[in-house]
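Student: The structure's right below; bear with me while I get my questions together.
The values are calculated or read from the model by the stated rules, or taken from the named source; none is laboratory data. Here the structure is a predicted model, which means the values were calculated and not measured. Positions of Cβ are backbone-derived with ideal geometry, glycine not excepted, and every protein chain shown enters the neighbour counts. Just so you know, the surface numbers come from the protein's heavy atoms only, side chains and all, with ligands and any DNA or RNA stripped out. Shrake-Rupley method; radii C 1.70, N 1.55, O 1.52, S 1.80 Å.
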Amino acid sequence: RRQRTILGVLLREVRRKMTTLSQAVQAQLDVWLQRAERIHAQHPNDKNKLYALHAPEVECIGKGKARKPYEFGVKVSLAVTHKSG
């Protein structure tokens with residue numbers, strides 16, 4: 001909860017000071033601000049959460065194990081045929 005408050009204050013401050021920057025820098029910064037606003041607005045029981053700013057495709061994968069019930073990443077599958085190895 002405290003981190004959400006700090007993030008909200010930081011977002012408002014960056015938006016205020018962003019007007020002094022050039023348009024190119026504002027466009028680059030806007031992508032990161034949109035992701036930060038998405039994190040700020042999400043709640044624990046929401047679907048399609050954003051878990052990482054640097055990798056928006058990361059998902060929460062339920063493993064069902066007692067020691068490590070959840071993992072964060074992207075599922076990958078490989079298909080190998082008997083001819084190609």
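Student: Give the cross-link partners of K68 among the lysines, using a straight C-alpha distance below 22 Å as the criterion and excluding same-chain residues fewer than 8 apart.
Tutor: Hits, sequence-local ones excluded: K47, K49.
Student: Give me the lysines in straight-line cross-link reach of K63: C-alpha distance below 16 Å, same-chain residues under 8 apart excluded.
Tutor: Hits, sequence-local ones excluded: K75.
Student: Radius of gyration and Dmax for the stretch 23-85's Cα atoms, expressed in Å?
Tutor: Expressed in Å, the Cα Rg and Dmax of the stretch 23-85 come to 17.5, 54.
Student: Less than 17 Å apart at the alpha-carbon level, and either on another chain or at least 8 residues along: which lysines does that give for K83?
Tutor: Hits, sequence-local ones excluded: zero.
Student: Could you tell me the relative contact order of the chain? Use alpha-carbon pairs under 8 Å, at least six residues apart, and round to a whole percent. Show your work: numbers first, answer last.
Tutor: Values: 49 pairs, mean separation 13.5, N = 85.
After rounding, I find 16 percent.
Student: Same structure again: So with the 1.4 Å probe, I'd like the accessible area per residue for the chain, rounded to whole Å². Let's see the in-between values first.
Tutor: Numbers: 7510 Å² over 85 residues.
Here the per-residue accessible area is 88 Å².
Student: Something else: If you place +1 on the Cβ of every Lys and Arg and -1 on the Cβ of every Asp and Glu, how big does the dipole about the Cα centre of the stretch 32-85 come out, in debye to the nearest 20? Intermediate results must be reported in sequence, preceding the final value.
Tutor: On the way: 10 positive and 5 negative charges, 62 e Å.
The calculated dipole for the stretch 32-85 is roughly 300 debye.
Student: What list of ³J(HN,Hα) values in whole Hz, one per residue of the stretch 68-81 in order, does the Karplus curve 6.51 cos²θ - 1.76 cosθ + 1.60 (θ = phi - 60°) give from phi, with Gly and Pro shown as x?
Tutor: Each residue's phi maps through the Karplus curve to give 9, x, 10, 9, 10, x, 10, 6, 10, 10, 10, 10, 10, 9 Hz.
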